[in-house]
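Reading through the structure tokens given below for one structure.
The values are calculated or read from the model by the stated rules, or taken from the named source; none is laboratory data. Given the structure is predicted, the values throughout are model-derived calculations rather than measurements. Cβ sites come from the backbone with ideal geometry, for glycine too, and all protein chains shown count toward neighbours.
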């Protein structure tokens with residue numbers, strides 16, 4: 001669906017709502033420092049902490065939309081859902097790689113925390129599909145708000161940061177804005193209400 005065809009421009013690969021699946025691999029340098037923004041060490045650690053969650057949360061939300069897709073009757077919404085899942089899969093890959101770099105850079109205790117997060121998301125996966133899609137929509141609304149704030153103030157948060165890490169986060173944040181309403185739209189299509 002989103003493969004580039006000859007003569008097509010990049011924007012023509014987007015779905016109607018503007019979701020473009022990018023397969024970009026951010027390379028983290030060997031001399032990586034976990035405080036990747038020396039001017040904002042607390043922000044560095046806050047973002048690192050958020051990244052540790054994503055390899056567990058991203059598969060959960062992707063699976064919730066994958067399961068919900070079996071019940072979507074609107075073809076355009078189904079295509080949007082497929083592109084959304086592909087973007088989320090890319091986020092998973094980037095943050096899984098980044099977390100391995102964090103662990104190697106002096107945070108081996110994250111392995112135990114990862115086991116706990118995996119168990120917690122397995123439990124959430126036992127809840128009803130309606131609950132899972134609502135969770136996904138709620139998380140995506142929160143991510144959208146954070147994305148707008150961080151992008152609007154990107155110079156403040158990322159101006160002195162390691163360029164590799166800043167690029168990874170900013171691309172992720174831009175994609176949160178691109179696919180901002182997909183999970184909500186799926187919830188409304190399947191269940192309606194709040």
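The table for this structure:
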quantity	calculated
Search result, residues across segment 96-117 that are in a helix (DSSP H, G or I) and within 15 Å of residue 32 (Cα to Cα)	97, 98, 99, 100, 101, 102, 103, 104
In segment 141-180, the residues that are crowded, with 16+ Cβ neighbours inside 10 Å and over 17 Å from residue 47 (Cα atoms)	178, 179, 180
Segment 167-194 residues that are on the phi < 0 side of the Ramachandran plot and in a loop (DSSP other than H, G, I, E, B), paired with ones that are buried (at least 19 other Cβ atoms within 10 Å of the Cβ) and modelled with pLDDT of 90 or more (beta carbon under 6 Å, 6 or more apart)	179/84; 179/87
Of residues in segment 28-49 being in contact with a helix residue (DSSP H, G or I) (Cβ under 9 Å, 6 or more places away or on another chain) and within 21 Å of residue 176 (Cα to Cα), the one surrounded by the fewest Cβ atoms within 10 Å (Cβ to Cβ)	43
Any hit, segment 143-150, residues being out of contact with any helix residue (DSSP H, G or I) (no Cβ under 7 Å at 6 or more places or on another chain), in a helix (DSSP H, G or I) and farther than 24 Å from residue 52 by Cβ	no
Hey, residue 126 more than 22 Å from residue 34 (Cβ to Cβ) and not in a helix (DSSP H, G or I) or not	yes
Where a residue in segment 148-165 is at negative phi and without any contact (Cβ under 8 Å) to a residue 24 or more places away in the chain and its partner, wherever it lies, is outside any loop (DSSP other than H, G, I, E, B) and loosely packed, with under 12 Cβ neighbours inside 10 Å, with Cβ under 8 Å and at least six apart	none
Complete set of residues in segment 1-40 that are modelled with pLDDT of 50 or more and outside any loop (DSSP other than H, G, I, E, B)	13
Top-ranked residue of segment 90-126 - restricted to ones that are more than 18 Å from residue 47 (Cβ to Cβ) and surrounded by 15 or more Cβ atoms within 10 Å (Cβ to Cβ), ranked as farthest from the chain's Cα centre (by Cα)	124
